[in-house]
Amino acid sequence: MNREQLAYNKGYRVTKCGNLIGMRGTVIGNIDHKGYYKTEFRINGKDIRFYTHRLQAYQKYGKKIYENGIIVRHLNSNSLDNSWENIAIGTLRDNYFDMPKEQRDYLALNVIHMQKANIKYSKDFVLKLREEYKIEGGYGRLGKKYNISKSTIRNLIKLRKVF
């Protein structure tokens, strides 16, 4: 069973205006570091975190929110507005076009910048880094050796796709 189904079965509900109502009938929820309302409950000693917008979507669309390629969208791009009218499901592409044009342009510029930064290190260099890391480890040590930040070293080793 998914988080939203568990929360719904425990008695959590989202009102039409977007407030999360807890099991005691009061408005609850906190804002996480990404700007979404969330809350937690425990089942069998395990913390279960769920998001208000996803519970609202579950109430509105049911199990369709779990279909492959489907995400929950905030139509007005305000992640704190979980009202019935503002929540929809769709694809990432749909979500992208929900944003104002200025926001889409800003994101596109950042993607281009990140792609250029990723090209800075050759495939051979990244493969060499990975081999050194397997043998000796230590992002800090490799960072000092090549004068690259630890976070960049980590991203090259763990995240960079090598074609």
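Computed from the coordinates by the stated procedures, all read-outs in this text should not be read as laboratory data. These numbers come from a predicted model, not from an experiment. A quick note on method: Cβ atoms are made from the backbone with ideal geometry, for glycine too, and the neighbour counts reach across all protein chains shown.
Straight-line reach from LYS128: taking Cα to Cα under 18 Å and skipping same-chain neighbours fewer than 8 places apart, the lysines in range are LYS120, LYS144, LYS145, LYS150, LYS158, LYS161. Derived scalar couplings between HN and Hα for region 48-53 equal 10, 9, 9, 10, 4, 5 Hz in order, rounded to whole Hz, by the Karplus curve 6.51 cos²θ - 1.76 cosθ + 1.60 (θ = phi - 60°), x for Gly and Pro.
Calculate for the chain the 222 nm mean residue ellipticity that helices alone would give, adding -39,500 (n - 2.57) per DSSP H run of length 4 or more and normalising by residue count, nearest 500 deg cm²/dmol.
Working: 7 runs with 75 residues, N = 163.
That comes out to -14000 deg cm²/dmol.
Between ILE21, ILE148, ILE48, the Gaussian network model of the chain with springs among Cα atoms under 10 angstrom shows the greatest mean-square fluctuation at ILE148.
Using Cβ point charges alone (K and R +1, D and E -1), the dipole size of the chain about the Cα centre works out to roughly 600 debye. Within the listed set PHE50, PHE97, PHE125, the residue fluctuating most in the Gaussian network model of the chain (springs between alpha-carbon atoms under 10 angstrom) is PHE125.
Using Cα pairs closer than 8 Å and at least 6 residues apart in sequence, work out the relative contact order for region 3-99, in percent. Intermediate results must be reported in sequence, preceding the final value.
Numbers: 156 pairs, mean separation 24.3, N = 97.
This gives 25 percent for region 3-99.
Across region 47-86, Cα pairs under 8 Å and at least six residues apart give a relative contact order of 38 percent.
Exposure proxy shown here: for HIS53, HIS33, the number of other Cβ atoms within 10 Å sets the order, fewest to most, as HIS33, HIS53.
Give the label of the value calculated from the structure for P(r) over Cα pairs in 5 Å bins from 0, in percent, choosing from (i) 1, 8, 18, 22, 23, 18, 8, 1, 0; (ii) 1, 8, 13, 14, 12, 9, 11, 12, 11, 6, 3, 0; (iii) 2, 9, 17, 20, 18, 14, 9, 6, 3, 1, 1, 0. Checked against the structure: label (ii). Which one, TYR51, TYR37, TYR133, has the greatest fluctuation when you compute a Gaussian network model over the chain with C-alpha springs under 10 angstrom? Of TYR51, TYR37, TYR133, the Gaussian network model singles out TYR133 as fluctuating most.
Order the peptides 40-47, 85-92 from the highest to the lowest mean number of other Cβ atoms within 10 Å of their residues.
Packing proxy ranking, top to bottom: 85-92, 40-47.
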